[in-house]
Amino acid sequence: MAAKQSAFDVWSQIEQKGLQALHGVTFCSGVESYFMKKVEALALSAVDEAARDFNVDKLYGSDVTIDQILGLAKQFPMMSEKRVVLVREAMSVKGITSSDGQSSLIAYAKEPLASTILLFIDQKGVDKRTQLAKECAKSPNAQFYTFESLTPPQAGSWLQNLAKHEFNVSIDSAATHEFIDWVGTNCSLLESELQKIATHANEGQTIDRDVLRTLLSKTRELTSFELKDAIIARNVSTSFELIHRMKQTDETLIGESLRMIGMLSNTFMLFWIILRGRQKGLQSNEIQSQCNVNPYYYKVLDRQVNAYHLGEIPAIMEALLDADRALKGFDAGRPHDVLQDVVKRIHPIQ
């Protein structure tokens, strides 16, 4: 079975084909909005900025009907080779699920106006069981692109590529994994945080784990890594000291606290996989495969996990879940108090 394409792979194919990838009718769906915004930008590039007032229609699905959209799509461009009809939140278009509405869209997809790029964007995709999906899949004038969230390994590959080609720096595997662990796999956030780091890096510099932390200290983000290390190492006093330092730097702490809980949750879930694997008698390479991390980071985890036993992981995960709820407003609590409570529950003071 062929591996599922990543959102970056899908975008790379579109980018290579250019506007030809968007001829006729195009449906883009998925949760990774970073690349869908790039598709929008590509579509808009077909019309010079000076002519966009007459040749670009940006619509929201809940405001329009299928007939209105097709009426715009059938108009010829004015002083431009192309016109663009962009429909966001497309699955909310009035009539898109009705038999008549789908029939009208299918008929247009069979014979679209060559000068129009009709682009539907929505997190939800077209139901593959519908006549619309089945008929458009047969048409050479319609295409479907799906942009799902990147897995950590996919995000790491994309981040290294972005660093090299957009910011002229290189990031090694260990630093990449730590960066993903810190930020997550959302491409917009990754690009934003990478830009901060690259601002302090030298052109052409290779960023390893030590260099990453040095650069993070210049952007005032290092404390998060230090706190994670202290909590994992069961260093309660250092953990409290770092939480206090974070409070002095940022009274709200909401963003940093949520990020910290995310990093810890990911780490302790990997600890659970390792400890369960050991309990089952699995070999180290088998456990690493289940963790889906690079060899360097697995060695770090394999060393750190020795401070824990399998029986305490569920209670730790429960503490982290409670903290996540508290920080997101399900329970009252100041962020630094929530973090301190997490430390106490993970490492009860005897």
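The values are calculated or read from the model by the stated rules, or taken from the named source; none is laboratory data. It should be emphasised that the depicted structure is a prediction, and the values quoted were computed from it without experimental measurement. Please note: Cβ atoms are built from the backbone with ideal geometry, for glycine as well, and neighbour counts cover all protein chains shown.
A few notes on this one:
- Yes/no for Thr185 being within 27 Å of Lys247 (Cα to Cα) and in a loop (DSSP other than H, G, I, E, B): yes
- For segment 276-333, the set of residues classified as β-branched (Val, Ile, Thr) and closer than 24 Å to Gln154 by Cα consists of Ile287, Val293, Val300, listed by residue number.
- Neighbours by Cβ (under 9 Å, 6+ apart or cross-chain): first from segment 126-148, free of Cβ contacts under 8 Å to residues at least 12 places away in the same chain; second assigned to a helix (DSSP H, G or I) and surrounded by fewer than 16 Cβ atoms within 10 Å (Cβ to Cβ): Lys128/Lys134; Lys128/Ala137
- Flag if Gln288 is at pLDDT below 95 and over 17 Å from Ala233 (Cβ atoms): yes
- Selection status of Gly255, at positive phi and exposed (fewer than 15 other Cβ atoms within 10 Å of the Cβ): no
- Filtering Lys17, Lys4, Lys74 for residues that are free of Cβ contacts under 8 Å to residues at least 24 places away in the same chain and of a type in the set (Lys, Arg) leaves a single hit, Lys17.
- Residue that is farthest from the chain's Cα centre (by Cα), among those in segment 184-204 that are within 20 Å of Ser265 (Cβ to Cβ) and either loosely packed, with under 13 Cβ neighbours inside 10 Å or in contact (Cβ under 8 Å) with a residue 12 or more places away in the chain (or both): Glu193
- Flag if Arg234 is among the charged types (D, E, K, R) and not in a helix (DSSP H, G or I): yes
- Residue match in segment 73-93 (condition: small (Gly, Ala, Ser) and modelled with pLDDT of 95 or more): yes
- Test: residue in segment 248-264 that is closer than 28 Å to Pro153 by Cα and modelled with pLDDT of 90 or more: yes
- Residue match in segment 45-55 (condition: touching a Leu at 6+ places or on another chain (Cβ under 9 Å), surrounded by fewer than 18 Cβ atoms within 10 Å (Cβ to Cβ) and either modelled with pLDDT of 95 or more or among the β-branched types (Val, Ile, Thr) (or both)): yes
- When each of Phe76, Phe35, Phe54 is tested for being of a type in the set (Phe, Trp, Tyr), out of contact with any strand residue (DSSP E or B) (no Cβ under 6 Å at 6 or more places or on another chain) and part of a loop (DSSP other than H, G, I, E, B), the lone residue that passes is Phe76.
- For segment 168-183, the set of residues classified as of a type in the set (D, E, K, R) and within 18 Å of Ile261 (Cβ to Cβ) consists of Glu178, Asp181, listed by residue number.
- Search result, residues across segment 61-100 that are surrounded by fewer than 17 Cβ atoms within 10 Å (Cβ to Cβ), in contact with a Ser or Thr (Cβ under 8 Å, 6 or more places away or on another chain) and within 24 Å of Lys128 (Cα to Cα): Ser62, Asp67, Glu89, Ser92, Lys94, Thr97
- Ile207 vs. criteria over 21 Å from the mean Cα position of the chain (by Cα), crowded, with 16+ Cβ neighbours inside 10 Å and in contact (Cβ under 8 Å) with a residue 60 or more places away in the chain: no
- Condition met for Lys110 (over 31 Å from the mean Cα position of the chain (by Cα) and among the basic types (Lys, Arg)): yes
- Candidate set: segment 147-183, residues that are hydrophobic (A, V, I, L, M, F, W, C) and touching a Phe, Trp or Tyr at 6+ places or on another chain (Cβ under 8 Å); chosen: the one farthest from Leu270 (Cα to Cα): Phe147
- Members of segment 30-39 that are out of contact with any helix residue (DSSP H, G or I) (no Cβ under 8 Å at 6 or more places or on another chain) and crowded, with 19+ Cβ neighbours inside 10 Å: Met36
- Flag if Asp337 is in a helix (DSSP H, G or I) and either of a type in the set (A, V, I, L, M, F, W, C) or at pLDDT 85 or above (or both): no
- Screening Asn161 with (1) assigned to a helix (DSSP H, G or I); (2) within 26 Å of the chain's Cα centre (by Cα); (3) crowded, with 16+ Cβ neighbours inside 10 Å gives one miss only, at (3).
- Exactly one residue among Asn202, Asn168 is outside any helix (DSSP H, G or I) and modelled with pLDDT under 90, and that residue is Asn202.
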